[in-house]
Amino acid sequence: MKTKLLIVLLCWAIRLNASAQGFVNLNFEACTLPTNAHLNATVSQALPGWTLYRGGVVQSQVPYNAGIAQQSFLSLDSTVFSYPSLFGNYNARLIVNSFDSLDIALAQTGQVPEGTHSLQFKTDWANRIPAGGLVVSFENTTLSLQPVGFFPGYTLWEADISAFAGATGELRFTANHSGGPWGAYFDDIMFVPVPEPSTWALLALGSALFACAARRGRGR
């Protein structure tokens, strides 16, 4: 049990050290939604730090649904549904409608931390996203994106951004209309560093201790 806790704490420390420099509101929690009957907010209220594009045009308003039990989300088009947030109180939704077939993009500029290996984020089920429908780019360079883990209620995605470690530029998530109408919920965008040698050593030690404990348990 202690070894499992050690491994969890080490992994958590790695994530904490992966905070981005200049990028803000990567979990979409820093919003101040107004209380009105129209379910509209300015982008600066709903998505601080982010710029919202629809068909390549910057948007000033964003619809939202302040659902019940603090299970809210920010919807980046005119469609409003009720859906539990992936993590925390809010997430963002990128959606391509069939009636206008416009790309939807969410972007902001910041510095990728030194030593960053990859960019990770979570969406709801990966099968909602058509092949080529989701494009993640940095400074107009498309990043190689793939799902790396499937968990109850969400998919973990990863993109190699190591070539831009330490660089300042625009990070953009685009829902491409070429894949047809689709939509997905996004949350918990993270910059993940290459672990330092000392971290690798601690992880290896923890894994060895866990293996020893498991063998002893089987022996009993």
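In the stretch 100-154, how many are touching an Asp or Glu at 6+ places or on another chain (Cβ under 6 Å) and among the small types (Gly, Ala, Ser)?
So the answer is 3.
Among the listed residues 175, 184, identify the single one that is open to solvent by less than 70 Å² (accessible area, probe 1.4 Å), touching a Gly at 6+ places or on another chain (Cβ under 7 Å), within 20 Å of residue 91 (Cα to Cα) and at pLDDT 55 or above. Write out each step before concluding.
Working: 184 fails: touching a Gly at 6+ places or on another chain (Cβ under 7 Å).
None of the others qualify; the one that does is 175.
Going through the stretch 132-169 one residue at a time, which ones are open to solvent by 40 Å² or more (accessible area, probe 1.4 Å), touching a residue at least 40 places away in the same chain (Cβ under 8 Å) and within 16 Å of residue 111 (Cα to Cα)?
Answer for the stretch 132-169, where residues must be open to solvent by 40 Å² or more (accessible area, probe 1.4 Å), touching a residue at least 40 places away in the same chain (Cβ under 8 Å) and within 16 Å of residue 111 (Cα to Cα): 160, 162, 164, 168.
Which one is surrounded by the most Cβ atoms within 10 Å (Cβ to Cβ), of the residues in the stretch 104-131 that are assigned to a loop (DSSP other than H, G, I, E, B) and of a type outside the set (A, V, I, L, M)?
If we take residues in the stretch 104-131 being assigned to a loop (DSSP other than H, G, I, E, B) and of a type outside the set (A, V, I, L, M), then 124 is surrounded by the most Cβ atoms within 10 Å (Cβ to Cβ).
Could you look through the stretch 20-51, keep only residues that are more than 19 Å from residue 119 (Cβ to Cβ), part of a strand (DSSP E or B) and not aliphatic (A, V, I, L, M), and pick out the one that is modelled with the highest pLDDT?
Looking at the filtered set, the residue picked out is 42.
Mind checking which residues of the stretch 52-80 are assigned to a loop (DSSP other than H, G, I, E, B) and modelled with pLDDT of 85 or more?
Of everything in the stretch 52-80, those that are assigned to a loop (DSSP other than H, G, I, E, B) and modelled with pLDDT of 85 or more turn out to be 55, 56, 59, 60.
The values are calculated or read from the model by the stated rules, or taken from the named source; none is laboratory data. Just so it is clear, the structure is predicted and the values come from calculations on it, not from any experiment. Because the Cβ atoms are built from the backbone with ideal geometry, glycine has one as well, and the counts that use them run over all protein chains shown. SASA here: full protein model, heavy atoms, side chains in, ligands and nucleic acids out. Shrake-Rupley method; radii C 1.70, N 1.55, O 1.52, S 1.80 Å.
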